[in-house]
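Novice: Below is a structure I'd like to ask you about.
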Amino acid sequence: ATCTHKDRNDALHPLWQSPLSIPGGSRQSPINIQWRDSIYDPFLKPLKICYDPTTCLHIWNNGYSFLVEFDDSTDKSIIVGGPLENQYRLKQFHFHWGAINEWGSEHTVDSKFYPAELHLVHWNAVVYPTFEEAVMEGNGLAVIGVFLKLGAHHEGLQTLVDALPAVKHKDTVIEFDVFDPSCLIPSCPDYWTYAGSLTTPPLTESVTWIIKKKPIEVDENQLEAFRMLLFTSDGEEEKRMVDNFRPLQPLMNRTVRSSFQ
Ligand SMILES: NCCOCCOCCNC(=O)c1ccc(S(N)(=O)=O)cc1
Ligand SMILES: [Zn+2]
């Protein structure tokens with residue numbers, strides 16, 4: 001039998017079953033993006049992405065996903081423009097994925113799931129002194145979301161995939177000192193943007209989401225490499241790191257804008 005939405009939620013890591021949205025939350029993420037309901041905004045600027053590959057530090061399995069973290073003590077790796085008032089510093093990127101290719105992304109487009117979704121997390125260091133403070137503010141964070149679809153082998157992703165066996169268990173870290181994440185971002189400039197939240201605790205409503213319209217293609221072996229990671233620490237009973245995505249949240253009183261007609 002095919003897995004229904006409810007069954008899939010049951011399969012979710014306990015963390016994502018509740019709270020479905022924080023009490024009083026009016027801008028929770030992820031959401032379904034209904035293409036025809038998004039509003040073209042001609043005043044949206046192109047998003048400018050300037051990453052310095054030498055700011056890459058390490059890969060870390062934090063027990064929810066694997067994070068590639070960057071030195072965010074300077075403005076060397078930033079994004080600016082798009083819907084953003086300030087420039088935002090790159091702090092880390094990570095992914096969400098499913099146990100099978102039928103689902104795995106956090107956002108959906110016209111109720112379609114992708115097998116995985118990349119999140120590049122940036123914070124407003126112009127206005128806030130630390131990332132921890134920016135996490136608590138409405139304009140504190142900007143996350144670029146990129147959908148992954150099953151297709152051709154992705155050369156740039158492979159360097160990351162080759163390092164994953166070294167971070168199989170929760171709380172393992174491996175040095176990773178040169179990587180340019182712009183190789184994971186589609187060249188097509190089109191995106192949707194809306195006001196949302198972190199999709200894992202503390203679920204704070206501090207994220208300007210910028211969701212790229214075009215997915216990147218990765219092959220089956222590369223998706224399988226994500227699925228061999230573990231939620232569990234070395235020595236614990238193994239739990240495969242899969243289905244680490246939060247259920248869809250209500251749109252409530254929000255509009256999704258598009259940068260394209
Ligand atoms: N841990 C002690 C202090 O913590 C302060 C706040 O830490 C926030 C940790 N979480 C994140 O940084 C964080 C970042 C991005 C996303 S997501 N999936 O919405 O892109 C989810 C979570
Ligand atoms: Zn995420």
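Novice: For the peptides 110-122, 131-143, what is the packing order when you average, over each peptide's residues, the other Cβ atoms within 10 Å and list the highest mean first?
Specialist: Details: 110-122: 21.3, 131-143: 18.5.
Highest mean packing first, the order is 110-122, 131-143.
Novice: When the expected Rg is taken as 2.2 N^0.38 Å, what fraction or multiple of it is the alpha-carbon Rg of the range 152-193? Walk me through the intermediate numbers first.
Specialist: Details: Rg = 13.6 Å, N = 42, 2.2 N^0.38 = 9.1 Å.
Against the compact-globule rule of thumb, the ratio is 1.49.
Novice: So, one more: Average projected area of the Cα convex hull of the range 136-261, in nm²? Present the calculation step by step, with values, prior to reporting the outcome.
Specialist: Values: hull surface 39.3 nm².
Mean shadow area of the hull around the Cα atoms is 9.8 nm².
Novice: On the principal axes of its Cα set, how long, how wide and how thick is the chain? Give whole Å, largest value first.
Specialist: Principal axes ranked by extent give 51, 45, 37 Å for the Cα atoms.
Novice: Tally Lys and Arg at +1 and Asp and Glu at -1 over the other residues with C-beta under 14 Å from the C-beta of Leu223: what net charge comes out?
Specialist: Values: positive: Lys149, Arg227, Arg240; negative: Glu102, Glu117, Glu217, Asp219, Glu220, Glu224, Asp243.
It works out to a net charge of -4.
Novice: Related question: What is the fewest-to-most order of Ser73, Ser258 by other Cβ atoms lying within 10 Å of their Cβ?
Specialist: Details: Ser73 9, Ser258 18.
Ranking Ser73, Ser258 by Cβ neighbours within 10 Å, fewest first, gives Ser73, Ser258.
Novice: Taking the alpha carbon gyration tensor of the range 191-245, what are the square roots of 5 times its eigenvalues, largest first, to the nearest whole Å?
Specialist: Values: eigenvalues 157, 79, 6 Å².
Calculated on Cα positions only, the semi-axes equal 28, 20, 5 Å.
Novice: Determine the relative contact order of the range 24-181: mean sequence separation of Cα pairs under 8 Å and six or more apart, normalised by residue count, in whole percent. Kindly include the intermediate steps, with their values, before the conclusion.
Specialist: Details: 308 pairs, mean separation 40.5, N = 158.
Here the relative contact order equals 26 percent.
Novice: What number, rounded to the nearest 500 deg cm²/dmol, is the helix-based mean residue ellipticity at 222 nm of the chain, given -39500 (n - 2.57) per DSSP H run of at least four residues and division by all its residues? Write out the running numbers ahead of the final one.
Specialist: Details: 5 runs with 30 residues, N = 261.
It lands at -2500 deg cm²/dmol.
Novice: Then there's this: What translational diffusion coefficient, to the nearest whole µm²/s, does the range 66-143 have by Stokes-Einstein, given a Kirkwood radius computed over alpha-carbon pairs, a temperature of 10 °C and 1.306 mPa s viscosity? Mind showing how you got there, number by number?
Specialist: Numbers: Rh = 13.7 Å.
Value of D from the Cα-based Kirkwood radius: 116 µm²/s.
Novice: Find how much the distance from Cys50 to Glu236 grows on full extension, using 0.36 nm per residue of separation minus their present alpha carbon separation; answer in nm with one decimal.
Specialist: Fully extending the segment from Cys50 to Glu236 adds 62.9 nm.
Novice: Using all C-alpha to C-alpha distances in the range 96-190, build P(r) with 5 Å bins and read off the rounded percent in each one.
Specialist: Once binned at 5 Å, the Cα pair distances of the range 96-190 give 3, 10, 14, 19, 21, 18, 11, 4, 0.
Novice: Now for a different question. At what distance in nm do the modelled label points of Ser111 and Glu155 sit from each other, each positioned 7 Å from its Cα along Cα→Cβ?
Specialist: Label-label distance for Ser111 and Glu155, simple model: 4.0 nm.
Novice: On average, how much area does the Cα convex hull of the range 25-118 cover when viewed from any direction, in nm²? Numbers along the way, then the final one.
Specialist: Details: hull surface 33.5 nm².
Orientation-averaged projected area of the Cα hull: 8.4 nm².
Read-outs: derived from the displayed coordinates by stated rules, not from any lab. Quantities reported herein were computed from a predicted structural model and do not represent experimental measurements. Glycine also receives a Cβ, built like all others from the backbone with ideal geometry; neighbour counts cover every protein chain displayed.
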